[in-house]
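To keep things clear, I will list the structure first and then write my remarks on it.
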Amino acid sequence: MFISMNWINDYVDLSGIEVDELVKRFNLSTAEIEGVEYKGKNVQNVVFGKVLSVEKHPESNHLHILKVDVKDEILQIVCGAPNVYEGMVTAVCKVGGSVCAGKIKATKLVGVDSFGMCCAEAELGIGSDDEGIMDIKEPVTIGADIKSVWPVDDVVLEIDNKSLTNRPDLWGHYGIAREFSAIFDRPLKKLPVANLEEYSNLPEVEIDIETNNCFRYSSIVAENVNIHHSNRKMAIRLNYAGMRDINLLADLTNYVMLDVGLPMHAFDHKIVDGIKVIESDGNVVMTTLEREEHTVPKNAIVIADRSREPVAIAGIKGGLKSGISDETNSVLFEAAVFDSETIRKASRAIGLITDASQRYEKSLDPELTPVALARIIYLLKEIDSEAKVVSRFSDCYKKKYDRISIKLDPKFISKIVGMEISKEFTIKTLRALEFGIKDNGNELLVEVPTFRATKDVSIKEDLVEEVARLYGYDNIEPKTLSFDAEPQKIIPSIEYEYDAKLMLAEKYNANEIHSYLWNYEDFNKANKIEMKSYVKLLDSSNAGQSGIRSELLPTLLRCLDENKNNYEDVRVFEIGRVVSGLDEENMCIENKKLAVLFASQKKTEFELFTELKTAIFDIAKNIIGIDIMLDKGETVKYMHPVNSFRVKSRTDDYGYIGILHPEVKKSIDKRFNVAMLEIDFEKLANTKGYAKKIKNISKYQAVDIDFNILCDENLIYADLAKILGKFKSKILSGYSLVDIYENKEQLKDKKSVTLRFNLSSFDHTLSGEEIEKFRTDFIEFLSKNNLELRG
Amino acid sequence: MELSNITENEKSFDCDISKVASLAELEEIRLKYLGKKGLIQDIMAKFREVPVEQKREFGQKVNALKNKIETEIENKKQLLLTEQINKEIENTKMFDYSLPVDTKTGSLHPRTIIQKQVVDIFKNMGFVVEDGNEVETEYNNFESVNVPKNHPARDMQDTFWLSNGELLKTQTSAAQNRILRTYGPVCKVIFPGRVFRNEQLDARHENTFFQLEGVVVGKNITVANLIYFEKAMLKALFKKDIEVRLRPGFFPFTEPSYEMDAKCPFCGGKGCHTCGNSGWLELCPCGMIHPNVLKMAGIDPEEYNGFAFGLGFDRLVMIRTNLDDIRYLNSNNLKVMSQFKTKM
């Protein structure tokens, strides 16, 4: 919203305060000012001039050569405006002066000298008309600077509409002026209005409200309106405030809206002489003033005439037929308040957001209707003193807001703010904002003004805000808190999340990604990946996908797909959430999962698998502090049916690890070998880890001996270990895998597993005989278990 | 055996040692004089033959010679070793110390890196760090945080509603009720999380983004406390004192409500590209928790009060990383994501 400071100064004298200071304090106390524009700054040396003669340019079809009287001299000006005529009074920018577009110099136009420029109102920034130069009808002094008569110079503030969402009172200049008055402690002047009492003997306008969604509808009728254009001051203000001047009656309704914040409407009284406020049955079609057709949705409010013929979409837009034109001379003014929610829904449904609907959405104060009408009559008569009011102030006040009084202990404000704020400051501030105050000593009884009572202020905390914002948040000293020192709860899924991510990034060179929650069904289908969605989005137009993912790996495969042409290796991971099912109450079961994918064009599937297995064992052992293992078991269909395994601990099953199914691999990119895993991270993190203890070492010399054990090539290491576990020896402290050797020609269907046995004793140095005995015992053990030593 | 033999041997040693050029030659000489069959041993063996009256002098001289030979050989040895090392050093080829190295490592998502920094500072101040779901109930997301039935935020166009009647949380505040019930009425908790809005995507708008929310509830909590914690957080984030300003704002969950702006850390308030020439960055909506929100969490607002703040996390990430398009944050684009490494 644009606020003209000239307009504000009508209501509060802010002279002597710099614009920077005005902006700063308003920002801190009321709402955000997004921009400041110095209107008229570029308009210099523009005077009123009279066109004495108009001659066609000999070399041009559209240019004219004018002689223009600017009092001190007669200027020759070459002008392209189609509307120029002899005797026209217009605005002339002299050589050396400037308009919005820049400086005006003496120049030659198609060979003819031109000394100055005749200006369109758009070129001066004071209007929107750019089709012709200004045709000034009002009496002006030729040669006088336009700024000496018209309020061209102004400071216009752009206020962020979003920051006014909860302040219906700030959608007009008078409300903003009230804020400035309170902020700078300058008195607020009364709004000049007509005395509507004078007309109480005149006939009443018939008003019926047939809906519960209209709080109040008020009206007044005027006739004999013969001036059809606003004065220049009003026109400039409307333009500076972001609107256009149209004709007097339309301009008046807009002006009053920008003034008091209540949208108004003017009907041609010859067409509309009584009002029915009704609800749409869903079949109402309205052609608006802009000649657009709209179907008014069911339950939206419609203004109809006495014969129930719809004439306007309430609070949004007027209808064409009943609208005023440049010739209208009798008018029925509407000042009404509708239910904010109804207007908001209707405006969204129709797709029409207007200055009026924006204001109504904020819950306007029904007490404003007489004010707005009294104001519009005042302004109308100021411009057209012949205009005649022919009805009384007619009013149907269907629904009232309750008056709100709040009991406030003035100490409460200091208590919440954390600074001593005096009772005197509190009272002064609230009064400046037009709150009524009854001082009962330790308690104030605060009466909320109606324009703040529609939804904004209702509890004592709201009053804290009023006082604190005017006290200035920049005056509040930051203070820390005193709390009992006690250990805080640790949530493992958060605590270990960072550690796991860091390990994957730093030790396993993987890149973390964050992907969307959506199930990319097209991608999955194209690549033969099956993933279920347990819930869908009701409106997926902005997400592009309707299902919610139930697994993470398909997203990582999509990441591989998008990066496969840029890299030889893709190593990515994500800790993210999925919906893995619905419970018996149909609520989502959500899991926080870890998925990792290692893909490479150089490494074998087994190498990648081993790296990945190492990574997850590393996380489990060194971050969570548990031992995990892999086991055979069912995984997901896009993994290899043979080489995919469950990831387990002794007590839990966390997920799966494996290589990509050959079919999916072929579909995504057969150059890439892919290993991947997906586990329930929250479950893993919540598994109780062991307390790490060190293993004491013997002080006597230990001995390592290697054995190459020949066994069936299909015997997995875990099964071999199970066999070896049965071998008992007092001097065996452990063994480790050194190498596995496979060679079809030499070993046929066997493989050689080299194990290194570590022998030691805690009380003596081992003798040669002891070691030899170990060797013979072990070989005997092997042969009993159908194993043998190689070579 | 005579004393003159000793002198001869000394002369011969002097001559020999002066010619030594290598450790091997030195070893030869050592063996020649000091070895088991060396000349000194020879002389000692013939000690018997020395006339009695000369024995004392003879003994002294032999010992002196032996000491001299030992010392000189040792000195020579050290000299040769030093020479050898010097030669080695001279002959060393200098490394090309300027060759590029590959400090290859994976990367964390920039949100992870910055979240860690924020979380750490609050943990230091005794806050609990909580986790939260992405799917929430309408009650938790709206009712429980005082967003009334007809609030525009509930409109279809802002919220991703799910087929089972739940929704994707539109704000981290959706976790407030559960957290206040779990930890209240005296607590300090922060909870980072992903939130969703049904919006069209462009360089500045996402339908999926991150927030970090904090709540403090207790007795006599003040606006002054709120400002303190905001400043502490910003200081940790930007690694310097940041001036903040509070402006009135409006959110249903707080009363009074504020927008907290930070003086732009890049231009110091003069106005730059990052702050849109305003000198201020709008970072953090905040306020004193609305009494209704406390009530709905079973906390008596007459006895306890508190503050809450929500940090627009992605905006902060963009500012810190110089990212020009918010959509990168949810993308699979490894060309961008792999640049972040693990620290910032």
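Quick notes on this structure:
- Whichever residue in region B:269-296 is without any contact (Cβ under 8 Å) to a residue 12 or more places away in the chain and hydrophobic (A, V, I, L, M, F, W, C) and, among such residues, is surrounded by the most Cβ atoms within 10 Å (Cβ to Cβ): B:Cys275
- Exactly one residue out of A:Pro192, A:Pro139, A:Pro203 is within 30 Å of A:Ser307 (Cβ to Cβ), assigned to a loop (DSSP other than H, G, I, E, B) and over 35 Å from the mean Cα position of the chain (by Cα): that is A:Pro203.
- Across region B:276-306, the number of residues qualifying as under 30 Å from B:Phe127 (Cα atoms), under 31 Å from the mean Cα position of the chain (by Cα) and not charged (D, E, K, R) comes to 6.
- Residues of region A:11-38 satisfying the condition of being part of a strand (DSSP E or B), modelled with pLDDT of 95 or more and in contact with a Phe, Trp or Tyr (Cβ under 7 Å, 6 or more places away or on another chain): A:Val12
- Single condition A:Thr253 does not satisfy, out of (1) assigned by TED's automatic domain parsing to the domain that holds A:Ser363; (2) in a helix (DSSP H, G or I); (3) over 21 Å from A:Glu386 (Cα atoms): (3)
- Residue in region B:208-227 that is surrounded by fewer than 16 Cβ atoms within 10 Å (Cβ to Cβ) and away from every other protein chain (no Cβ under 12 Å) present: no
- Qualifying residue in region B:151-163 (condition: over 20 Å from A:Asn542 (Cβ atoms) and either without any contact (Cβ under 8 Å) to a residue 60 or more places away in the chain or within 9 Å of another protein chain (Cβ to nearest Cβ) (or both)): no
- Test for B:Phe95: is it hydrophobic (A, V, I, L, M, F, W, C) and at pLDDT below 90: yes
- Any hit, region A:565-573, residues being in contact with a Lys or Arg (Cβ under 8 Å, 6 or more places away or on another chain) and either more than 9 Å from every other protein chain (Cβ to nearest Cβ) or part of a helix (DSSP H, G or I) (or both): yes
- Selection status of B:Glu243, of a type in the set (Asp, Glu) and either farther than 23 Å from B:Leu180 by Cβ or at the interface with chain A (Cβ under 9 Å from one of its Cβ atoms) (or both): yes
- Exclusive hit being part of a helix (DSSP H, G or I), under 23 Å from A:Ile236 (Cβ atoms), more than 14 Å from every other protein chain (Cβ to nearest Cβ) and in contact with a helix residue (DSSP H, G or I) (Cβ under 6 Å, 6 or more places away or on another chain), set A:Ile3, A:Ile8: A:Ile8
- Helices (runs of 4 or more DSSP H) completely within region A:436-547 that count 2 or more residues being over 25 Å from A:Arg571 (Cα atoms) and more than 7 Å from chain B (Cβ to nearest Cβ): A:460-471
- The residue that is farthest from B:Thr208 (Cα to Cα), among those in region A:577-597 that are surrounded by 16 or more Cβ atoms within 10 Å (Cβ to Cβ), at the interface with another protein chain (Cβ under 8 Å from one of its Cβ atoms) and touching a residue at least 40 places away in the same chain (Cβ under 8 Å), is A:Cys588.
- If you go through region B:297-322 and keep only what is of a type outside the set (Lys, Arg), touching a residue at least 24 places away in the same chain (Cβ under 8 Å) and away from chain A (no Cβ under 13 Å), you end up with B:Ala297, B:Gly298, B:Ile299, B:Asp300, B:Ala308, B:Phe309, B:Gly310, B:Leu311, B:Gly312, B:Leu316, B:Ile319, B:Thr321.
- Residue, surrounded by the fewest Cβ atoms within 10 Å (Cβ to Cβ), within region A:44-63, restricted to residues that are aliphatic (A, V, I, L, M) and within 21 Å of A:Lys137 (Cα to Cα): A:Leu52
- Here B:Arg194 meets the list (1) under 21 Å from B:Glu130 (Cα atoms); (2) at pLDDT below 90; (3) surrounded by fewer than 24 Cβ atoms within 10 Å (Cβ to Cβ); (4) at the interface with another protein chain (Cβ under 9 Å from one of its Cβ atoms) almost entirely, failing just condition (2).
- All positions within region A:251-299 that are acidic (Asp, Glu) and either within 30 Å of the chain's Cα centre (by Cα) or over 30 Å from A:Leu188 (Cα atoms) (or both): A:Asp259, A:Asp268, A:Asp273, A:Glu279, A:Asp281, A:Glu290, A:Glu292, A:Glu293
Here's the yes/no breakdown for (1) under 44 Å from the mean Cα position of the chain (by Cα); (2) assigned to a helix (DSSP H, G or I); (3) acidic (Asp, Glu); (4) modelled with pLDDT of 95 or more:
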residue: A:Lys602; (1), (2), (3), (4): no, no, no, yes
residue: A:Glu611; (1), (2), (3), (4): yes, yes, yes, yes
residue: A:Ala615; (1), (2), (3), (4): yes, yes, no, yes
residue: A:Ile619; (1), (2), (3), (4): yes, yes, no, yes
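The values are calculated or read from the model by the stated rules, or taken from the named source; none is laboratory data. Remember, it's a predicted structure, so these values are computed and weren't measured experimentally. Positions of Cβ are generated from backbone atoms using ideal geometry, with glycine treated the same way; all protein chains shown enter the neighbour counts.
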